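To start, the structure under review is shown below, and the notes come after it.
Throughout, read-outs are computed from the coordinates displayed, never taken from laboratory work. No experiment lies behind these values; they were computed from the predicted model shown. All Cβ positions, even for glycine, are placed from backbone atoms using ideal geometry, and neighbour counts span all protein chains on display.
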Amino acid sequence: MKAVIYGAGNIGRGFLGQIFSRTADLIFIDTDDSLVDRLNREGRYPIRILNDSSPEDATEDIWIEEVTAINGKNEEETAEAIASADIMATAVGVRSLPLIAPVLAAGLKKRFERNRQAFNIIICENIIDADKTLAGLIKKQLSEEEQKIFDETVGLVEASIGRMVPLQTIEMQDGNPLRICVEAHGFLPVDKIAFKGEAPVFAGVNPGGFIPVSNFDFYIQRKLFIHNMGHGICAYLGLIRGDTYIYEAAGHGSILFITQNAMLESALALSARFQMPLRDIHYHIRDLLQRFSNRALKDTCARVAADTGRKLGSQDRFIGTLRCCAEEDINPAFISVGTAAALYWHLREKNLPQSREAALAALKEVSGLEEAETEKILLYYSLLNSSQDGNFDKTIEKIIKTASDEELL
């Protein structure tokens, strides 16, 4: 089996490479000239597992062997690799999907000329309805007849990426620029019903692995509305407090309390929406909070908080979670606190004034909220903004009391 992975970055090398490598020959596509050259020269790369639960043996190196790479700037060679692959995955980032869609379409056209066999693309991008987004981008490049073949033979399979991969530092590279440091978590749920033909089986990652699931909507919303949302709350409150690392924020009692309660609010909503056992989601939250506290990972608040405007989007981790709670009649008091923290940081990133008026305007612009929907977020934003007198802990105590009292009403 030949697997093509479009994107040789943190998720491409640090997760998908490990998933596919025991079963398939790996070909990476990337536009980073030096990275492509080094992968071809070395023919392998190491993944380092950072395990904070065992300090005496905190790391484990796994070598991914027999790897080749193609420069994505060479569109003809890239299209040929796609045309001849048995399976493919993308891990390029949401904003890059429009950039790779034309060459994906070119590769698919070559396939259609040769055969009409089923072909599946695993989409490892952190958005809901990534399949619809990518399908729309690719179909713009296809004729009406090619679109028909596309619908019949190409499976666009969403995946929920749960593995946390920090920004790679020189220290983490430890003498090898190809080394990727990651957490141990290796569970990759994918949308079973989206496959054309039989879903493939990969030897994959232990624990976890490549797991086709029928109720994929639950898994992708759990990832976005619990994992990403909770991670974001740690990051934004940590930045406001002055923390560098996620584990520092997660180790602060008040931030942990807000994060955990926000995740539990989301758990109540998702349990009701999908009729999933609350117990199982609760255990998932406990696991996540332990993973957020992984000191060996050295994941930064700045990385997790990056691109705040997108993360405040109408369907993303904060506003999407608030709307999910509203639909299931769950009071999202602590989620609103986290949203307010993201809003505060968004204004700071954009060098906008920290005022209620600017906050309201930003919510309308990036989140698409009507003024009536913003009252709770703006309440906590105003309280957070007052923390800039230097007494963060006192302000957070007041916010926790306000949110807790609100949930009791």
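Structural remarks
- Peptides 279-290, 341-352, 69-80 ordered by average Cβ neighbours within 10 Å, highest first: 341-352, 69-80, 279-290
- Ignoring lysines fewer than eight residues from K192 along the same chain, the ones with Cα atoms less than 30 angstrom from its Cα are K2, K109, K110, K132, K139, K140, K148, K223, K311.
- For region 100-109, 3J(HN,Hα) computed residue by residue from phi via the Karplus equation (6.51, -1.76, 1.60; θ = phi - 60°) reads 9, 4, x, 6, 4, 4, 4, x, 5, 4 Hz, glycine and proline entered as x.
- For R303 and D405, a Förster radius of 45 Å and the Cβ-Cβ distance give a FRET efficiency of 0.85, rounded to the nearest 0.05.
- For the chain, the longest principal axis of the Cα atoms and the long axis of helix 33-42 meet at an angle of about 60 degrees.
- Antiparallel %, DSSP beta bridges [both residues in the chain], to 5: 20
- Scalar couplings 3J(HN,Hα) for region 293-306, obtained by applying the Karplus form with A = 6.51, B = -1.76, C = 1.60 to θ = phi - 60°, are 8, 5, 5, 5, 5, 6, 6, 9, 4, 5, 5, 5, 8, 4 Hz; x denotes Gly and Pro.
- Contact order, relative form, for region 4-141: 24 percent (alpha carbon pairs under 8 Å, 6 or more residues apart, mean separation divided by residue count).
- Shape summary: region 216-408 maps onto an equivalent ellipsoid whose semi-axes, from the alpha-carbon gyration tensor, are 23, 20, 16 Å in decreasing order.
- Mean sequence separation of contacting Cα pairs (under 8 Å, at least six apart), scaled by the length of the chain, corresponds to a relative contact order of 13 percent.
- Less than 5 angstrom separates the built amide H of Y45 from those of I64, all sequence-distant by 5 or more or on a different chain.
- Sequence-distant residues sharing a close amide H with G186 (under 5 Å, placed H): G209
- Rounded to whole numbers, the Karplus 3J(HN,Hα) couplings from phi for region 243-250 are 7, 9, 10, 4, 5, 5, 5, 5 Hz, using 6.51 cos²θ - 1.76 cosθ + 1.60 with θ = phi - 60°, and x at Gly and Pro.
- Distances between every pair of Cα atoms in the chain, grouped in 20 Å steps from 0 to the bin holding the largest one, split as 26, 54, 19, 0 percent.
- Rg/Rh for region 180-326 (Cα atoms only, Rh after Kirkwood) is 0.98.
- Within region 1-108, the percentage of alpha carbon pairs spaced more than 19 angstrom apart rounds to 43%.
- FRET efficiency, 1/(1 + (r/R0)^6) with R0 35 Å, evaluated for L289 and L352 via beta carbons: 0.65
- According to the Kirkwood relation over distinct C-alpha pairs, the hydrodynamic radius of region 23-167 is 16.8 Å.
- Taken as Cα centroids, region 200-269 and region 332-381 sit 21 Å apart, rounded to the nearest whole angstrom.
- If you wrap the tightest convex hull around every Cα atom of region 227-300 and split its volume per residue, you get 73 Å³.
- Using distinct alpha-carbon pairs, which all enter the 1/r mean, Kirkwood radius of region 102-159 in Å: 11.6
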